[in-house]
Amino acid sequence: MERLVCLGLSHRTAPVELRERVGSLGPGAARCPAVEEHAVLSTCYRVELYACLTEHVDDARDELIRALAGAHDIDRDLLVDHLYVHSGDDVARHLGRVASGLDSLVLGETEILGQVRDAFDAGRATGTVGPVLTLLFRSAIAAGRRARVETAIGANPATASSMALALASGTLGDLRERNALVVGAGRIGLQTLKAFASKEMTHVAVANRTPARAEDVARRFDAALYTLEELEEALAWADVAVTATSAQEQLIDVDLVRRAMARRGPTRPLVIVDLAVPADVEREVGALDGVRLFDVDDLRAGLDETMASRLREVPRVESIVEEEVQAFARKYRQLEIEPVVAELRRQAEEIRARELARAFRDLGEVDAETAERIEHLSRALVKKLLHEPTVRLREHAGSEAADDLAALARALFGLAAPREP
C-alpha cells in the first residue's frame, strides 16, 4: 500500500498565488513515468493529487515531485516547502476525512463530497483512474455518505457564505431590505449569491474582475453590476459586502472605504465579510467609524450552536472514516489475489482447450451431441478443480499474508510473474 500517495497544497500550507500558479497537479502527473494511476481534487481552498506509483516508491515519489515542479516551472524546493504528503493507508484516511467534511474550512460542509465524486468521475473519464484509485475513491465516498446519514455532521448546512450572512445579520438585523454586494464571481461568490436569494434579499449587486463573467452571473441572479474600478460607488451603496476573489493583492484598502463611507448617511453602518484567502480587504478598514469587518478567522471563531453540535459529532465521523479505511485495506490486499485467480483460470482454460482439441483429433468424427457432452465435461472438471484453490485464495486475500499467498500460488501453478514497473 506504500505505492499510494497524496500530494497537496491548501490554504493552510500555501499562498493563493502559488496555488493559482499550480492550478492542477494533473499535467505533471501525466508526464511522470512513475505514476500508474492518478486523480486530481481541486477546490477553492485546496488542490490535491492522488496517485498510485510504481513499486520503487521512494524514487517514484521524488520523480513525481520533480515532474510536478517542472510542469509548472516552479522551483522544486519552493514546492516542497508548501506541499503536504500522505502515503499508504494515510491516503485513504485523509481522503475519507476530506469527503466527510472534517478537513473543510467550515466543518461538515456538504459540497466537498460532490467535489470528491467529480474528481473520481473525471479521472475515470480520462482513463487515469484504475482499480487502486477506484477502490480508494469509493471508500472515501462511502465514508462521506455514511457520515451524513449516520451522524449530524452536516445538520443545518453552514457554508462559509451562510456563516457570512449570520455575521452580517448579527450586526444589521433583518437583511431582506438591505443592499448586498458580492465581490468575486467564483464558487464562493456564487454560493453567497444563492444564500442571499434564500434570504429573500432582492437588492443585490455583483462586482468581478472579468466583465463577461460578471454580466453572466448578474443576469442569473437578477443583480446589479459593478466593475472593480467602481468599488467605491458599490461600497457606498451596499449595507453588507462579501468579498471572495482570488486576487493576489488586496482590492479594498482604507482610503477606498473611507471615501465610500463619506458618501453614505452618518447612521448607515457597513458590514464587510472577507472570505478570501489571502484577504481582499486591508485589516485597518475595520477601525473606520461605522465599518464592521469580519474575516476567515472570525468565521472560525464565530461557530454557533450548529458548529458546536457538529464538533460533538467529530469522534463518530472519525470512527466511520477508520472503518472505511480498514475495509479499504482489506479490499486493497485482495487486489493482489485477483490477478492470480484470473491468471490461474486463463491458464486452465488454455490447457482445457488444447487438450480437448487433441482428444477430438484422436477420436475422429464425433457427433454433435457427444462433442457437446465432452465439452461440458471438460469445463465442469476445470471448474471443480479450480473451485477450492480459488475459494481459499480469496478467503485469505484480506490478510497481511496476501502478497506471500499470491507469490506461492504463482510458483505452485507456474503462473507468469506480475508485470514489472
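The values are calculated or read from the model by the stated rules, or taken from the named source; none is laboratory data. Remember, it's a predicted structure, so these values are computed and weren't measured experimentally. Using ideal geometry, Cβ is built from the backbone for each residue, glycine included, and neighbour counts are taken over all protein chains shown.
Only one entry in Ala260, Ala236 is of a type outside the set (Lys, Arg), closer than 24 Å to Asp298 by Cβ and surrounded by 22 or more Cβ atoms within 10 Å (Cβ to Cβ), namely Ala260. The residues on offer are Val366, Val321, and the sole one that is part of a loop (DSSP other than H, G, I, E, B) and in contact with a helix residue (DSSP H, G or I) (Cβ under 7 Å, 6 or more places away or on another chain) is Val366. The set of residues from segment 360-390 being over 19 Å from Glu343 (Cβ atoms) and surrounded by 13 or more Cβ atoms within 10 Å (Cβ to Cβ) comprises Phe360, Val366, Ala371, Ile374, Glu375, Ser378.
Quick check on Asp103: is it more than 23 Å from Val314 (Cα to Cα) and without any contact (Cβ under 8 Å) to a residue 12 or more places away in the chain? Judged against the criteria, Asp103 is not a match.
Residue selection: Cys52 fails the criterion of being touching a strand residue (DSSP E or B) at 6+ places or on another chain (Cβ under 7 Å), at pLDDT 85 or above and closer than 19 Å to Ser104 by Cβ.
Within segment 58-88, the set of residues being outside any strand (DSSP E or B) and touching a His at 6+ places or on another chain (Cβ under 6 Å) is empty.
For segment 196-206, how many residues are crowded, with 18+ Cβ neighbours inside 10 Å and assigned to a helix (DSSP H, G or I)? Total satisfying the criteria: 1.
Candidates in segment 264-276 are the residues that are surrounded by fewer than 20 Cβ atoms within 10 Å (Cβ to Cβ) and at pLDDT below 90; of these, the one that is nearest to Thr210 (Cα to Cα) is Arg264. Here Arg117 fits the description: farther than 23 Å from Phe221 by Cβ, crowded, with 16+ Cβ neighbours inside 10 Å and among the basic types (Lys, Arg).
The helices (runs of 4 or more DSSP H) located wholly in segment 207-306 that include 2 or more residues which are assigned by TED's automatic domain parsing to the domain that holds Asp174, touching a residue at least 12 places away in the same chain (Cβ under 8 Å) and more than 27 Å from Tyr45 (Cα to Cα) occupy 231-237, 254-262. Only one of the listed residues (Ala353, Ala327, Ala359) is within 26 Å of Leu133 (Cα to Cα), modelled with pLDDT of 80 or more and small (Gly, Ala, Ser). That residue is Ala327.
Checked against (1) at pLDDT 90 or above; (2) over 31 Å from the mean Cα position of the chain (by Cα), Leu228 passes all but condition (1). Considering only residues that are within 21 Å of Gly186 (Cβ to Cβ) and either touching a His at 6+ places or on another chain (Cβ under 9 Å) or at pLDDT 90 or above (or both), which ones fall in segment 231-250? Those that are within 21 Å of Gly186 (Cβ to Cβ) and either touching a His at 6+ places or on another chain (Cβ under 9 Å) or at pLDDT 90 or above (or both): Leu231, Ala234, Leu235, Ala238, Val240, Ala241, Val242, Thr243.
Filtering segment 403-421 to residues that are among the small types (Gly, Ala, Ser) and modelled with pLDDT of 70 or more leaves Ala406, Ala407, Ala409, Ala411, Gly414, Ala416. Within segment 89-120, the set of residues being outside any loop (DSSP other than H, G, I, E, B), of a type in the set (D, E, K, R) and within 11 Å of the chain's Cα centre (by Cα) comprises Arg97, Glu111, Arg117, Asp118.
Give the residue that is surrounded by the fewest Cβ atoms within 10 Å (Cβ to Cβ), with candidates limited to residues of segment 152-167 that are of a type in the set (Gly, Ala, Ser) and modelled with pLDDT under 85. That would be Ala155. The number of residues in segment 67-87 being more than 14 Å from Arg3 (Cβ to Cβ) and either outside the structural domain of Arg138 (by TED's automatic domain parsing) or touching a residue at least 12 places away in the same chain (Cβ under 8 Å) (or both) comes to 13.
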